[in-house]
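Asker: Before anything else, here's the structure in question.
The values are calculated or read from the model by the stated rules, or taken from the named source; none is laboratory data. This is a predicted model, so every value here is computed, not measured. Using ideal geometry, Cβ is built from the backbone for each residue, glycine included, and neighbour counts are taken over all protein chains shown.
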Amino acid sequence: MNYTLHQLQVYLMVVEKRSITKAAEALYLTQPAVSIQIKNFQDQFEIPLTEIIGRQLYVTEFGLEIVTAAESILNLVHEINYKTLAYKGLLSGKLKIAVVSTGKYVMPFLLSNFINNNQGIELNMDVTNRSAVISNLEKNEIDFALVSILPEHLSIDYIPLMENELYLIGQSNPYENSKKISAEMINQLPFIYREEGSGTRLMMEKFVENEQLYGSKKIILTSSEAVKQALLAGLGFSIMPLIGIRHELNRKALAIIPYEGLPMKTRWYLVWLKDKKFSPIASAYLKYLKAHRDELIQKYFDKSYDVNL
């Protein structure tokens, strides 16, 4: 057999995504390139690895066994690379972080210098909703999590970061000429919510319930980026963290609707399980962040948008 490490990587991504198209996007390859790699890999086995039923890709029982073997092979290759770097006195290995959706506007800036200065580190950052992040943390599948609402049922340690402010946002302010905006006026607006499990949705639901706001219509979208695009298209209004829409506010593509009780304020936290046994990389990153937190926040997030209410 003459399969390559690249073919193993492509195969594992196709299995993970259950889609040639999605695997190609994740690997930054064209769909035909992925299809060719999968065909060349499959041609080396007499037993099918995958099958298409309808338009859905399924992995055969034999294919799942190959997944396990492929993961072992690639892990050994990574281990060789890590050992080589470690022998040179360099940090090497994986840093695993789970980040809530709007945290994608925060975490890269807290990582970039550390990652760029340690070329042997492989970053695995999963961006998903709060419930999935907390689940990963609870199962000890990650080193750190970035959240804006601390989990109350877990025993954790954390580093507080900057404030997270949430405002009522729309394509424009329909009441900009009004001296005071009432609950009755807000209830005429269609509301856009995040999906169940989202921290932003929890905050929005809490505010809506406390203020007895219901909106004229309820729209549910499954990512912060989808909500932002819906706002830009004028589909409705939502309570959103400013961190993800600062550029749109500055160029006046979106507007803040001032309302009593807003903004709601939480805080970003990097959290980890109490008594977690850190890898050398995780320990080094924690030390780095504690030493540079204030300067990173000041450099990347202070005065990054201007809110004039």
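Asker: Can you find a residue in the stretch 91-109 that is within 30 Å of Ile149 (Cα to Cα), without any contact (Cβ under 8 Å) to a residue 12 or more places away in the chain and more than 19 Å from the chain's Cα centre (by Cα)?
Answerer: no
Asker: Tell me the residue from Ala226, Ala233, Ala253, Ala291 that is in the same structural domain as Arg130 (by TED's automatic domain parsing) and either surrounded by fewer than 17 Cβ atoms within 10 Å (Cβ to Cβ) or modelled with pLDDT under 90 (or both), please.
Answerer: Numbers: Ala226 fails: in the same structural domain as Arg130 (by TED's automatic domain parsing); Ala233 fails: in the same structural domain as Arg130 (by TED's automatic domain parsing); Ala253 fails: in the same structural domain as Arg130 (by TED's automatic domain parsing).
When all the criteria are applied, what remains is Ala291.
Asker: Which ranges mark the strands (runs of 3 or more DSSP E) fully within the stretch 110-219 that have 3 or more residues being at pLDDT 95 or above and surrounded by 12 or more Cβ atoms within 10 Å (Cβ to Cβ)?
Answerer: Values: elements: 121-128, 144-147, 156-170, 190-193.
In the stretch 110-219, 144-147, 156-170, 190-193 are the strands (runs of 3 or more DSSP E) which contain 3 or more residues that are at pLDDT 95 or above and surrounded by 12 or more Cβ atoms within 10 Å (Cβ to Cβ).
Asker: Also, I was wondering about something else. Going through the stretch 1-50 one residue at a time, which ones are within 15 Å of Val67 (Cα to Cα) and charged (D, E, K, R)?
Answerer: Hits for the stretch 1-50 are Glu16, Lys17, Arg18.
Asker: Still on this structure, I have one more. Looking for something in contact (Cβ under 8 Å) with a residue 60 or more places away in the chain and among the hydrophobic types (A, V, I, L, M, F, W, C) - is there at least one such residue anywhere in the stretch 195-212? Spell out the reasoning first.
Answerer: Initial filter on the stretch 195-212 (in contact (Cβ under 8 Å) with a residue 60 or more places away in the chain): 195-200, 202-203.
Narrowing further to those that are among the hydrophobic types (A, V, I, L, M, F, W, C): 202-203.
There is at least one residue in the stretch 195-212 that is in contact (Cβ under 8 Å) with a residue 60 or more places away in the chain and among the hydrophobic types (A, V, I, L, M, F, W, C).
Asker: If Ser135 meets every condition in (1) closer than 26 Å to Phe301 by Cβ; (2) of a type in the set (Ser, Thr, Tyr); (3) free of Cβ contacts under 8 Å to residues at least 24 places away in the same chain apart from one, which number is that one?
Answerer: (1) is the only condition that Ser135 fails.
Asker: Let me ask something else about it. If you take the residues of the stretch 110-147 that are under 23 Å from His78 (Cα atoms) and among the acidic types (Asp, Glu), which of them is nearest to the chain's Cα centre (by Cα)?
Answerer: Applying the filter and picking the extreme gives Asp126.
Asker: Report yes if Ile239 is outside the structural domain of Ser135 (by TED's automatic domain parsing), under 26 Å from Leu146 (Cβ atoms), buried (at least 17 other Cβ atoms within 10 Å of the Cβ) and of a type in the set (A, V, I, L, M, F, W, C), otherwise no.
Answerer: Values: outside the structural domain of Ser135 (by TED's automatic domain parsing): yes; under 26 Å from Leu146 (Cβ atoms): yes; buried (at least 17 other Cβ atoms within 10 Å of the Cβ): yes; of a type in the set (A, V, I, L, M, F, W, C): yes.
So Ile239 passes the test.
For (1) in a strand (DSSP E or B); (2) closer than 30 Å to Phe114 by Cβ; (3) more than 20 Å from the chain's Cα centre (by Cα), each residue gets a yes or a no:
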residue: Ile239; (1), (2), (3): yes, no, no
residue: Ile243; (1), (2), (3): no, yes, no
residue: Leu270; (1), (2), (3): yes, yes, no
residue: Phe278; (1), (2), (3): no, yes, yes
residue: Ile281; (1), (2), (3): no, yes, yes
residue: His292; (1), (2), (3): no, yes, yes
residue: Lys299; (1), (2), (3): no, yes, yes
